[in-house]
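To keep things clear, I will list the structure first and then write my remarks on it.
All of the numbers you see were taken from the coordinates with simple rules; none came from a lab. The model shown is predicted, which means the values in this text are computed figures rather than measured ones. Cβ placement follows ideal geometry from the backbone for every residue including glycine, while neighbour counts extend to all protein chains displayed.
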Amino acid sequence: MPLRWDVFCKVVDNYGDIGVCWRLARQLAREHGLSVRLWVDDLLTFARLESRLDAGLEVQFLGTVEVRRWPAAFVSPEGPLAGVIIEAFGCGLPEALQQQMAEQGCAPVWINLEYLSAERWVDDCHGLGSPQPGLPLTRHFFFPGFRPASGGLLVESGLLARRDAFRADQNACATFWQQLGLPAPRPGELRVSMFAYPGAPLTEQLQAWAGGTVPVTVLLPEGLLPAETAAFEPAGHGALRIQRFPFLPHDDYDRLLWACDVNFVRGEDSFVRGMWAGRPLVWQIYAQEEAAHFAKLDAFLDLYQSGLECTAAQAQRRLWDAWNSRVDAPAVAEACSELLAHWPVLAQQAGQRALEWGENVDLASKLIEFVGRLASPSGASRP
Ligand code: TRH
């Protein structure tokens with residue numbers, strides 16, 4: 001089993017690409033003792049997720065993970081190549097590196113880590129190999145997913161136990177709010193974390209909460225969607241209070257999700273973390289061309305809601321449709337009040353799903369097992 005791994009990450013936009021790669025690199029190093037080098041083309045974006053990172057350095061260590069700037073003109077460092085090369089989200093390995101891999105007697109295992117989806121086809125494509133034209137190399141597709149036949153989900157060992165211990169510890173929660181400079185929840189308050197893309201019907205949603213009878217506090221990262229919130233800031237309006245928080249390191253963002261009653265999440269990584277929080281969540285999916293993302297959204301809901309009481313399931317689906325601006329979706333305010341009416345059932349279901357899926361083998365372990373099979377002398381897909 002190769003012990004040295006290289007992970008290549010291009011920040012296409014936002015934070016999800018580096019969010020996933022950093023989480024994986026850290027877990028491979030911490031929990032599996034692997035020697036991991038993470039190549040990132042945009043260290044400034046990375047620094048927003050990880051305060052220890054110095055975006056001015058070419059090479060640095062975060063714990064035992066070696067982080068390297070991935071420059072446009074890539075030159076392989078001295079010494080032997082890593083035994084495993086992870087290309088995140090089809091970001092494209094440097095040609096010079098591919099050449100070197102091909103020239104090596106025993107080529108590194110080359111994995112393309114794909115985007116997460118609950119769609120059925122993922123199970124059939126997970127693990128397939130694609131021989132590279134003109135090179136004696138095979139690129140293997142590793143698909144994260146929710147069913148056992150897929151590559152699994154990123155979940156650190158003991159995550160749910162840490163979540164439960166945090167929630168049960170009132171002092172830890174109070175200290176957490178203090179450290180973020182956020183007020184403790186008011187009695188009877190609904191505390192909501194909000195992470196959304198421009199275009200989300202946020203103003204409409206805030207309007208509804210402001211005019212409602214339940215005290216609601218919405219927590220948003222600094223600088224996010226200022227136009228949508230302008231009418232309600234700085235303090236809030238009516239029953240609504242708005243609070244900004246500085247963009248948090250990964251572990252603190254988890255705590256924030258654990259401490260809220262409803263989490264609005266987006267993209268891929270915050271969505272999975274929201275799922276691990278085990279509280280009702282609202283997912284704004286990353287929009288794709290020709291509305292391809294709606295199939296992904298539906299596939300997830302079908303799986304997530306299996307066994308859920310029908311009216312609660314419908315309420316959740318309607319809010320997710322509204323939040324994703326789907327044609328014929330109901331107004332956001334109406335959909336949200338429906339969802340809140342079903343909060344206890346949805347919270348129970350969310351907790352159950354996190355438990356079930358968290359107990360499945362995690363992505364990092366599955367990846368290591370997959371690589372082990374390919375790297376063994378009889379590895380069927382080896383070139
Ligand atoms: O930021 P995202 O929209 O990122 C991505 C990219 O756009 C990518 O191109 C796309 O393919 C993918 O979405 C689906 O959403 P995501 O995936 O949720 O990533 C956000 C990351 O930021 C995640 O790792 C959690 C982290 N985060 C923090 O660490 N602290 C915070 O305070 C917040 C709000 C988020």
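Descriptive notes on the structure:
- With the highest mean first, a sort of the peptides 8-15, 289-296, 304-311 on other beta-carbon atoms found within 10 angstrom per residue produces 8-15, 304-311, 289-296.
- The antiparallel fraction among DSSP beta bridges confined to the chain stands at about 20%.
- Prolate/oblate/rounded label for region 159-358 (Cα gyration tensor, a/c 1.5): rounded
- 5 angstrom amide H check on residue 266, placed H, neighbours 5+ away: 271, 284
- Separation of region 1-35 from region 163-206 is 28 Å, based on Cα centroids.
- Put simply, when 47-59, 270-282 are sorted by average Cβ atoms within 10 angstrom per residue, most first, you get 270-282, 47-59.
- Karplus-derived 3J(HN,Hα), 6.51/-1.76/1.60, for each residue of region 314-325, Hz, glycine and proline x: 5, 4, 5, 4, 5, 5, 5, 5, 5, 5, 9, 6
- When only the Cβ of Lys, Arg, Asp and Glu is charged (+1, +1, -1, -1), the dipole of the chain relative to its Cα centre reaches about 640 debye.
- Helix 343-359 axis versus longest C-alpha principal axis of the chain: approximately 10°, rounded to the nearest ten.
- Region 257-307 versus region 308-349: alpha-carbon centroid distance in Å: 13
- Amide H within-cut-off set for residue 118, under 5 Å, with H built and near neighbours excluded: 300
- Report note on the peptides 260-267, 77-84: ranked by the mean count of other C-beta atoms within 10 Å, highest first, their order is 260-267, 77-84.
- Applying a 4.7 Å cutoff between beta carbons, the unpaired cysteines of the chain are 91, 106, 125, 173, 260, 310, 336.
- When the charge dipole of region 159-358 is built from unit charges on Cβ atoms (+1 for Lys and Arg, -1 for Asp and Glu) and taken about the Cα centre, the candidate among 283, 246, 195 whose Cα reaches farthest toward its positive end is 246.
- Calculated from backbone phi, Karplus (6.51, -1.76, 1.60) coupling profile of region 273-283 in Hz, x at Gly/Pro: 5, x, 5, 5, 5, x, 10, x, 10, 10, 9
- With contacts taken as Cα pairs under 8 Å at a separation of at least 6 residues, the chain carries a relative contact order of 15 percent.
- Only beta bridges with both residues in region 45-162 are counted; by DSSP, about 45 percent of them are antiparallel.
- Based on DSSP H segments of at least four residues, each scored -39500 (n - 2.57), the chain has a per-residue ellipticity at 222 nm of -12000 deg cm²/dmol.
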